[in-house]
Amino acid sequence: MDSEKAITVTELTKKFGPVTAVEHVSFDVARGEFFGFLGPNGAGKTTLIRMLNTLLRPTSGKAFVSGCDVREEPGEVRRQIGVVPQAMTSDLDLTGYENMDLYGRFYGIQGRQRRERIKLLLDTVGLSARADDLVATYSGGMRRRLEIARVLVHRPSILFLDEPTIGLDPQSRRVVWNFLRKLIEGDSMTIFLTTHYMEEAESLCNRVAIIDAGRIVVMGSPAELKAGLPGNDVISLLVVDSSERLLSALGNMPFVHAVTPEENSLRIHVDNGAMNLPLLIDGVRAAGAEIVSVSVHEQSLEDVFIHYTGKSIREEEARKVSFLVGAGIPQKLGR
Ligand SMILES: Nc1ncnc2c1ncn2[C@@H]1O[C@H](COP(=O)(O)OP(=O)(O)O)[C@@H](O)[C@H]1O
Ligand SMILES: [Mg+2]
């Protein structure tokens with residue numbers, strides 16, 4: 001076992017009857033790293049995180065968290081980690097302080113030390129002034145911040161967060177992001193997070209594993225993953241009729257790296273999109289096509305996902321979210 005590693009996972013697999021939720025997943029997380037699992041709903045993120053948190057037994061494969069085997073030493077793993085599950089779990093009928101206090105008592109942290117840590121943490125998440133208000137009166141973002149602060153009371157060395165900003169408005173999401181960034185700067189904490197928001201993975205994580213249908217599709221820093229794509233910008237082009245002639249004209253432009261037809265538009269990977277857009281438009285018109293709309297954007301992790309899976313996280317989400325209703329699968333169904 002490499003003790004420098006916060007997490008080591010080898011060929012981890014989880015099956016629920018006929019469904020393989022996580023399939024031969026292997027990766028390492030170094031201490032102090034901010035590591036993200038990015039993928040659409042149903043990709044296997046919660047299943048993976050629950051195995052690492054000793055809440056679900058792997059079907060096969062190995063996982064070590066802080067040097068301890070999740071199967072053999074679950075108690076030791078639990079002492080080392082803080083876990084913020086996807087669904088909100090703070091008690092609405094207690095105050096913010098009381099929620100923290102109860103949690104600290106579960107971990108056997110003694111009187112004065114417990115009070116001091118709670119005060120400090122509430123201050124860090126900007127909730128000191130609301131500490132004695134019932135959680136029922138908190139906004140979603142405040143509640144989330146409280147829940148993150150709460151799992152830090154026993155000073156875990158690894159923090160696990162399952163979709164920490166799901167359902168939050170953009171402003172609360174940013175407040176949570178800033179707080180998580182602060183956490184990792186100060187301490188020797190390791191953070192493992194899952195998300196289906198590419199902006200979240202991109203803005204927070206040193207390293208990201210992109211997961212789809214239980215498998216890791218690709219892994220690396222956001223910059224490496226984007227550098228692995230052809231070109232550096234994407235032009236989305238909507239034309240009245242995309243003919244063979246148009247496709248070959250685009251393919252012959254020196255700054256075009258790849259053209260992928262989508263449902264009703266073309267994704268064109270190019271160098272320097274802003275500069276080359278006028279040339280592209282001229283070329284499209286010369287090929288006899290009529291342009292309906294055109295847009296340029298810098299490549300993002302969304303483009304990485306599309307490149308490797310042929311589909312977009314946003315589309316996957318739109319399709320699945322209606323029946324998964326945000327909080328995911330009821331976890332009591334299987335173990
Ligand atoms: N307890 C369970 N029993 C049966 N199937 C499950 C259970 N938990 C998850 N699954 C299935 O495993 C797959 C991955 O689910 P999950 O890990 O919740 O994905 P994510 O968190 O990425 O949305 C899905 O197909 C889901 O239906
Ligand atoms: Mg989930």
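Quick notes
- Qualifying residue in the range 105-120 (condition: of a type outside the set (Phe, Trp, Tyr) and farther than 30 Å from Thr137 by Cα): no
- Residues of the range 77-97 satisfying the condition of being over 26 Å from the mean Cα position of the chain (by Cα) and surrounded by fewer than 16 Cβ atoms within 10 Å (Cβ to Cβ): Leu92, Asp93, Leu94
- Of the residues Ala6, Ala43, the single one that is within 25 Å of Leu225 (Cβ to Cβ), aliphatic (A, V, I, L, M) and within 16 Å of ligand 1 (Cβ to nearest atom) is Ala43.
- The listed residue being at pLDDT 95 or above, surrounded by 17 or more Cβ atoms within 10 Å (Cβ to Cβ) and outside any loop (DSSP other than H, G, I, E, B), out of Ile148, Ile216, Ile184, Ile235: Ile216
- Just one of the listed residues (Gly108, Gly167) is without any contact (Cβ under 8 Å) to a residue 12 or more places away in the chain and part of a loop (DSSP other than H, G, I, E, B), and it is Gly108.
- Residue match in the range 111-118 (condition: open to solvent by 20 Å² or more (accessible area, probe 1.4 Å) and in contact with a Ser or Thr (Cβ under 9 Å, 6 or more places away or on another chain)): no
- Applying the condition of being open to solvent by less than 20 Å² (accessible area, probe 1.4 Å) and over 21 Å from Pro164 (Cα atoms) to the range 15-58 and asking which residue is nearest to ligand 2 (Cβ to nearest atom) yields Val25.
- Across the range 277-311, the qualifying residues are those that are over 16 Å from Leu225 (Cα atoms) and among the hydroxyl-bearing types (Ser, Thr, Tyr), and the one among them that is surrounded by the most Cβ atoms within 10 Å (Cβ to Cβ) is Ser295.
- Some residue of the range 36-57 being within 17 Å of Thr190 (Cα to Cα) and among the polar types (S, T, N, Q): yes
The values are calculated or read from the model by the stated rules, or taken from the named source; none is laboratory data. Small disclaimer: the values here were computed from a predicted structure and weren't measured. Because the Cβ atoms are built from the backbone with ideal geometry, glycine has one as well, and the counts that use them run over all protein chains shown. In case anyone asks, the SASA skips ligands and DNA or RNA and just uses the protein heavy atoms, side chains included. Shrake-Rupley method; radii C 1.70, N 1.55, O 1.52, S 1.80 Å.
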